[in-house]
Amino acid sequence: MFEWDKNNLRKIRAHRIKPEEVEQGLSNSPIPIYEQDVQGELRYVYYCETDSGRLLTIIVVERGEKIRVVTAYDPDAGQKRDYLTRRVRGE
């Protein structure tokens, strides 16, 4: 279950991304990239692809059974290359 509020909705809207796109991406075999510790809370960074083929970089935290989206944005050229390379390798 995804946890949405005005703060994280505002952050993704600034990148012209809809909540449905984030949820699709995280449901379509996302590729975990790395974890980061932010003030004692682990954040997970993923490369994802929506049903329409849009690539996204998504940062989430897991809180119990809920997934809270911190932000999402379109990957830069290097991230796109990395995503495609990882997909070809079968990740």
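The values are calculated or read from the model by the stated rules, or taken from the named source; none is laboratory data. Given the structure is predicted, the values throughout are model-derived calculations rather than measurements. As a convention, Cβ positions derive from the backbone with ideal geometry for all residues, glycine included, and neighbour counts pool all protein chains shown. Only protein heavy atoms, including side chains, enter the accessible area calculation; ligands, DNA and RNA are left aside. Shrake-Rupley method; radii C 1.70, N 1.55, O 1.52, S 1.80 Å.
For residue 77 and residue 10, what does the FRET efficiency come to when R0 = 30 Å and r is the distance between their Cβ atoms, rounded to the nearest 0.05? Can you show the working numbers first?
Working: r = 26 Å, r/R0 = 0.87.
Efficiency for this residue pair is about 0.70.
Excluding same-chain residues fewer than 8 positions from residue 18, which lysines have a Cα within less than 16 Å of its Cα?
Counting by Cα, and skipping residues close in sequence, residue 18 has these lysines nearby: 6.
If you roll a 1.4 Å probe over the heavy atoms of the protein chains, what accessible area per residue do you get for the chain, in Å²? If you can, show how the numbers build up before the last one.
Numbers: 5750 Å² over 91 residues.
Per-residue value: 63 Å².
In nm, give the distance between the simple-model label positions of residue 88 and residue 36, each being 7 Å from the Cα along the Cα-to-Cβ direction.
Going from the residue 88 label point to the residue 36 one covers 2.7 nm.
Over the Cα atoms of segment 14-62, what radius of gyration and what Dmax do you get, in Å?
Final numbers for Rg and Dmax: 11.2, 35 Å.
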